[in-house]
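Novice: Take a look at this one; I'll ask things after.
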Amino acid sequence: MLELFEKGGVLMYPILFCSILALAIFLERIWFYSRFIKGHDELISEVDPLIAEEKFDQASVACQRFGNPLSRIYATAIRLAGRSRAQIKAVVEEAGSREVAPLERYLGLLGTIATITPLLGLLGTVLGMIRAFTIISAEGVGTPATLGGGISEALITTAAGLTVAIPTILLHKYLTGRVDRMALDLEVKSLRVVDRLGK
């Protein structure tokens, strides 16, 4: 692998960097998403009965103890208890938008990596072919041995770029789908508390 990496030329370094960065983003996002949804069910089971009994002060204290995105939305809704459903829903939707925004952090960068790595591989292909044709122009047709270096670099960088891009595209699609599901789940749970509190 090290020999192939060295044969690929200088563009193998940015491709390697992109692969490491893509993996780091994926792992960080998985960790963040697991923390994002932590405690939501426990919050609902504890706070919903308090809301039903109109113990809003106790419900607010319970929300502060959980400290997760859903608890902050609940706390916002509880502060507006007694107002019309439309008023509570408007404020809760705004709070929900703020909570959902961090879910999409770094996904744009991951998509950029998926786009740019094949282009880096293509650039390596072009540079390798330029080197090969430069040898042909200087030495005539030459032998396979003299042309092998440039063509080999061209093929290796293309393969490396695609090897990084294809999994990165799949990871990006997976994370995007997970964000959509989490945002929908948060919206459903938020509307439930709006229905309980709104007149």
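Novice: From the list LEU175, LEU186, which one is in contact (Cβ under 8 Å) with a residue 24 or more places away in the chain, in contact with a Phe, Trp or Tyr (Cβ under 8 Å, 6 or more places away or on another chain) and buried (at least 16 other Cβ atoms within 10 Å of the Cβ)?
Specialist: Step by step, each of LEU175, LEU186 is checked, and only LEU175 is in contact (Cβ under 8 Å) with a residue 24 or more places away in the chain, in contact with a Phe, Trp or Tyr (Cβ under 8 Å, 6 or more places away or on another chain) and buried (at least 16 other Cβ atoms within 10 Å of the Cβ).
Novice: Here is a follow-up. What number of residues within region 58-90 are at pLDDT below 90 and more than 34 Å from the chain's Cα centre (by Cα)?
Specialist: 4
Novice: Follow-up question, since we're still on this one. Looking at PRO102 and the list (1) surrounded by fewer than 14 Cβ atoms within 10 Å (Cβ to Cβ); (2) closer than 15 Å to GLU42 by Cβ; (3) within 23 Å of the chain's Cα centre (by Cα), which single condition is not satisfied?
Specialist: (2)
Novice: For the list (1) under 25 Å from ARG181 (Cα atoms); (2) touching a helix residue (DSSP H, G or I) at 6+ places or on another chain (Cβ under 8 Å); (3) assigned by TED's automatic domain parsing to the domain that holds ILE151, I need the number of the one condition that THR112 fails.
Specialist: Exception for THR112: condition (2).
Novice: Does any residue in region 114-130 that is touching a residue at least 24 places away in the same chain (Cβ under 8 Å) come within less than 6 Å, Cβ to Cβ, of a residue that is among the acidic types (Asp, Glu) six or more places away or on a different chain, and which pairs are these?
Specialist: Listed by first residue and then by second, the contacts come to GLY128/GLU153.
Novice: A further question follows. What's the number of the only condition in (1) buried (at least 20 other Cβ atoms within 10 Å of the Cβ); (2) in contact with a Gly (Cβ under 6 Å, 6 or more places away or on another chain) that ALA22 fails to meet?
Specialist: (2)
Novice: Which pairs have Cβ atoms under 9 Å, sit 6 or more apart or on different chains, and link a residue in region 35-55 that is acidic (Asp, Glu) to one that is at pLDDT below 85 and not in a loop (DSSP other than H, G, I, E, B)?
Specialist: These pairs meet every condition: ASP48/ARG196.
Novice: Just wondering, is there one or more residues in region 149-164 that are under 20 Å from the mean Cα position of the chain (by Cα), crowded, with 18+ Cβ neighbours inside 10 Å, closer than 30 Å to SER71 by Cβ and at pLDDT 75 or above?
Specialist: no
Novice: Give me the helices (runs of 4 or more DSSP H) completely within region 1-102, filtered to those with at least 2 residues that are within 30 Å of GLY128 (Cα to Cα) and charged (D, E, K, R), ordered by residue number.
Specialist: Per the criteria, 2-7.
The values are calculated or read from the model by the stated rules, or taken from the named source; none is laboratory data. Since this is a predicted model, take the numbers as computed values, not measurements. Reconstructed Cβ throughout: ideal geometry from the backbone, glycine too, with neighbour counts over all protein chains shown.
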